[in-house]
Amino acid sequence: MNESILYPLFFTPIYQYRLWGGRRLTNLLTEPLPKGPVGEAWILSDRDDYASVVNAGIYKGYTLTQLFEQYPESIMGKLAGQFDRFPLLLKFLDAQEVLSVQVHPSDDQKEYIPKGDTGKTEAWFVIESGPKAKIYAGLTPGTTEQDLRKGLADHRVADYIHCFVPKPGDGVFIHSGTVHTLADVVVFEVQENSDTTYRLYDWDRTDAKTGKPRELQVDEALACIDFNLTDIDPVKPKDITTGKVIREEYFNNEHFIMWRMHTTDKFTVGAEDEPRILVCTEGNGELNFNGTKYPVKKGDVVLLPAEIGVINCIPQGKINLLEIAIPDTNK
């Protein structure tokens with residue numbers, strides 16, 4: 001194909017085994033889960049090892065990587081040339097059990113980032129919370145490296161991490177350098193396109209597949225911690241409602257901007273000359289583009305290429321829809 005004829009692009013989720021996972025992603029996604037604990041569904045990924053595949057239309061079977069390389073201006077618009085690959089990685093997480101206590105490096109900590117990767121700032125939107133739900137985010141004020149090393153020796157690392165009980169609709173911003181973990185929740189995660197994680201502590205458990213503890217990277221994790229990032233609580237969304245369409249801005253940083261719309265009324269999504277990503281967390285509706293209707297249901301992720309511009313979303317009943325933008329790094 002010499003030129004693109006792009007449209008709203010839907011993708012098949014990529015399931016990932018995780019020892020802390022469960023089966024609750026069946027409540028979100030129609031694609032059957034593999035056997036065993038499923039901790040993650042990568043729903044938009046431009047990674048060498050796991051690239052998302054378009055599941056409908058003339059580009060069915062194409063990967064996001066192929067489309068990004070073949071049609072960079074059509075996909076990215078005014079952002080074309082700013083990134084070597086699609087800059088965000090989107091996931092659903094089912095943390096049936098608690099994840100390891102971990103930290104991600106910042107973009108400027110080059111010595112702790114594998115070649116070709118970046119730092120990792122991320123954010124969570126809570127979809128479901130269980131009876132043992134808990135989010136750990138940020139250290140308790142005054143915690144030092146010596147405190148954490150002692151906590152490791154005493155198996156009491158959690159004593160030095162701020163925690164709270166999350167509820168559906170909470171948004172949590174995890175800047176690179178933040179010590180964090182979560183348990184008994186299903187969340188949507190948006191992050192830099194990076195897979196660099198350093199485990200500080202794993203609750204002294206063993207991996208059922210190997211019968212051995214998972215590897216820790218204590219020195220690297222400690223080196224990447226920003227000890228000023230303490231007491232991280234849910235964000236307070238900024239209300240930018242217009243008319244009957246409730247619209248809230250959850251996150252706005254140098255890597256991503258995210259809004260939530262929840263309404264029964266028609267509203268617009270997308271933007272002129274820049275890509276947008278839509279994630280439906282509740283309800284269903286349809287997108288209208290170029291005379292064609294594209295049904296959207298709970299669990300769907302949709303990439304709106306830049307060349308599409310602004311289009312209408314028409315809910316069928318009430319819909320909860322997340323919209324994600326990529327900031328212009330040239331501004």
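For this structure, a couple of remarks:
- Residues in segment 294-317 that are in a strand (DSSP E or B) and under 19 Å from residue 12 (Cα atoms): 294, 295, 296, 297, 301, 302, 303, 304.
- 1 or more residues among the acidic types (Asp, Glu), in contact (Cβ under 8 Å) with a residue 60 or more places away in the chain and buried (at least 20 other Cβ atoms within 10 Å of the Cβ): qualifying strands (runs of 3 or more DSSP E) within segment 164-277: 180-192
- Hey, residue 127 outside the structural domain of residue 280 (by TED's automatic domain parsing) and crowded, with 22+ Cβ neighbours inside 10 Å or not: yes
- Check on residue 36, in contact with a strand residue (DSSP E or B) (Cβ under 9 Å, 6 or more places away or on another chain) and at pLDDT below 95: yes
- Residues that are farther than 19 Å from residue 230 by Cα and in contact with an Asp or Glu (Cβ under 6 Å, 6 or more places away or on another chain) within segment 169-187 comprise just one, 186.
- Some residue of segment 69-77 being more than 21 Å from residue 185 (Cβ to Cβ) and touching a Phe, Trp or Tyr at 6+ places or on another chain (Cβ under 8 Å): yes
Yes or no, residue by residue, for (1) basic (Lys, Arg); (2) touching a helix residue (DSSP H, G or I) at 6+ places or on another chain (Cβ under 9 Å); (3) assigned by TED's automatic domain parsing to the domain that holds residue 117:
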| site | (1), (2), (3) |
| --- | --- |
| 190 | no, no, yes |
| 199 | yes, yes, yes |
| 203 | no, yes, yes |
| 211 | no, no, yes |
| 256 | no, no, no |
| 262 | no, no, no |
| 265 | no, no, no |
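- Among the residues making up segment 280-331, those that are surrounded by fewer than 16 Cβ atoms within 10 Å (Cβ to Cβ) and hydrophobic (A, V, I, L, M, F, W, C) are 310, 314.
- Members of segment 17-74 that are polar (S, T, N, Q), surrounded by fewer than 15 Cβ atoms within 10 Å (Cβ to Cβ) and in contact with an Asp or Glu (Cβ under 8 Å, 6 or more places away or on another chain): 27
- Counted residues, segment 45-64 - those being of a type in the set (Val, Ile, Thr) and farther than 16 Å from residue 300 by Cα: 2
The values are calculated or read from the model by the stated rules, or taken from the named source; none is laboratory data. As the structure is a computational prediction, the values presented were derived from the model and not from experiment. For neighbour counting, all protein chains shown are included, and Cβ atoms are generated from backbone atoms with ideal geometry for every residue, glycine included.
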